[in-house]
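The values are calculated or read from the model by the stated rules, or taken from the named source; none is laboratory data. Small disclaimer: the values here were computed from a predicted structure and weren't measured. Reconstructed Cβ throughout: ideal geometry from the backbone, glycine too, with neighbour counts over all protein chains shown.
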Amino acid sequence: MERSQLGVVVIGRNEGERLRRCLESVCSQADHVVYVDSGSTDGSLALAQGMGVACVELDMTLPFTAARARNAGWRRLLQLAPEVRWIQFVDGDCEVVDGWLEQAQSFLAAHPQVAAVCGQRRERYPERSVFNLLCHLEWYKPPGKLKSFGGDVMLRRQALEQVGGYRDDLIAGEEPELCVRLRTAGWELYALPLEMTLHDAAMTRFRQWWLRMVRSGYAYAAGRYLHGASAQRHCVRETRRTWVWSLGPLGAVLALWPWWSAAALLVLLIYPLQVLRLFLRFRGSARERILQAVFHTLSRFPELVGHLQFWRDRWQGRRAQLIEYK
């Protein structure tokens, strides 16, 4: 495939050495690379400029979102290289595996109905913390047609322009929201069984995991608000699941308390039973399965916090604030 038709957009903020590894991995595989910096204070912008990468310094007087950074990146890329047909997006804490860009480009060229293709993201240091391991297990995407992709993906320029890119105002969940519009426009999304990127979550504390789940809850609420009534029922199941599992058992305890008193607390046994159900459903080692089961069950509570934050912002007309976990 012709390298001139391929471009890469990297977004980042204070990624340090991770950004260096990221840029080195894409500059060796692509001729057109744009880095979008979102207010870094660790010299990331100077690092990218020193490597000869075209840079965009995002205006931080406006509300920052990863969606706005990606939009600024691909639009600058097309100004510099109008011949680009395929755009690989990658987060600055990831490295693109050798060979991925050519394989993804070839797949899109051979499948004109496909708007986007992604491979497998793998955590670089899953052994460093439970939370890194949970990310590692989360990244796997079954090969074949996809409902949605994440931050690392190769998109067909034609499809991206057709739907207008990402939504600038979304602080989370911008990728699945874009996928809704792509699928509505008749495009298909695919995952390949090939390694695509190495990711460095750098999550070592429970608070980081909690905030990441709050952000997920916010994304679910925003997604349902935007597209929940559509034929795709975007995020309806996810938001319903959060409310049922976070408040349902507690509400049942309060409702039964006048008649059962302390015996009503037996309702809360549904949580360990849910952990057992998930443990039997997940695959992998016993340790991986129990970790996923416990944290999936626990995640409904920070997700509820994210839901409440979204509706607070809506009702009060507040500008959404980025939920950062790093």
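Structural remarks
- Each residue in the stretch 104-140 was checked for being of a type in the set (V, I, T) and within 13 Å of A202 (Cβ to Cβ), and 0 pass.
Conditions (1) in a strand (DSSP E or B); (2) under 20 Å from R121 (Cα atoms); (3) in the same structural domain as T297 (by TED's automatic domain parsing); (4) not aromatic (F, W, Y), marked per residue:
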| site | (1), (2), (3), (4) |
| --- | --- |
| D168 | no, no, no, yes |
| A172 | no, yes, no, yes |
| V180 | no, no, no, yes |
| G186 | no, no, no, yes |
| L192 | yes, yes, no, yes |
| E195 | yes, yes, no, yes |
| L198 | yes, yes, no, yes |
| W210 | no, no, yes, no |
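- Yes/no for Q49 being free of Cβ contacts under 8 Å to residues at least 40 places away in the same chain and among the polar types (S, T, N, Q): yes
Matching residues to (1) assigned to a helix (DSSP H, G or I); (2) in contact with a His (Cβ under 9 Å, 6 or more places away or on another chain); (3) closer than 20 Å to S25 by Cα:
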| position | (1), (2), (3) |
| --- | --- |
| T61 | no, no, no |
| F64 | no, no, no |
| A67 | yes, no, no |
| N71 | yes, no, no |
| R76 | yes, no, no |
| Q88 | no, no, yes |
| D98 | no, no, yes |
| Q105 | yes, no, yes |
| A109 | yes, no, no |
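- Among the candidates T204, T242, the residue that is in contact (Cβ under 8 Å) with a residue 60 or more places away in the chain and assigned to a loop (DSSP other than H, G, I, E, B) is uniquely T204.
- When the residues of the stretch 294-326 are filtered to those that are among the hydroxyl-bearing types (S, T, Y) and at pLDDT 95 or above, the one that is surrounded by the most Cβ atoms within 10 Å (Cβ to Cβ) is S299.
- Number of residues in the stretch 1-39 that are acidic (D, E) and buried (at least 24 other Cβ atoms within 10 Å of the Cβ): the value is 2.
- Yes/no for D59 being among the charged types (D, E, K, R) and within 24 Å of D200 (Cβ to Cβ): no
- Note on the stretch 54-70: residues that are of a type in the set (A, V, I, L, M, F, W, C) and free of Cβ contacts under 8 Å to residues at least 40 places away in the same chain total 6.
- In the stretch 221-235, the residues that are outside the structural domain of L304 (by TED's automatic domain parsing) never reach a residue that is at pLDDT below 95 and not aromatic (F, W, Y) with C-beta atoms less than 8 angstrom apart, at least six apart or across chains.
- Condition met for P176 (more than 18 Å from V9 (Cβ to Cβ) and at pLDDT below 95): no
- Residue in the stretch 193-203 that is under 25 Å from R319 (Cα atoms) and in contact with a helix residue (DSSP H, G or I) (Cβ under 9 Å, 6 or more places away or on another chain) present: no
- The stretch 228-246, residues that are among the aliphatic types (A, V, I, L, M) and surrounded by 14 or more Cβ atoms within 10 Å (Cβ to Cβ): V236
- Every condition in (1) at pLDDT 95 or above; (2) in contact with a strand residue (DSSP E or B) (Cβ under 6 Å, 6 or more places away or on another chain); (3) closer than 21 Å to R215 by Cα is met by G151 except one, and the failing one is (1).
- V117 being crowded, with 21+ Cβ neighbours inside 10 Å, within 14 Å of the chain's Cα centre (by Cα) and closer than 27 Å to Q292 by Cβ: no
- L291 in contact with a Ser or Thr (Cβ under 6 Å, 6 or more places away or on another chain) and crowded, with 17+ Cβ neighbours inside 10 Å: no
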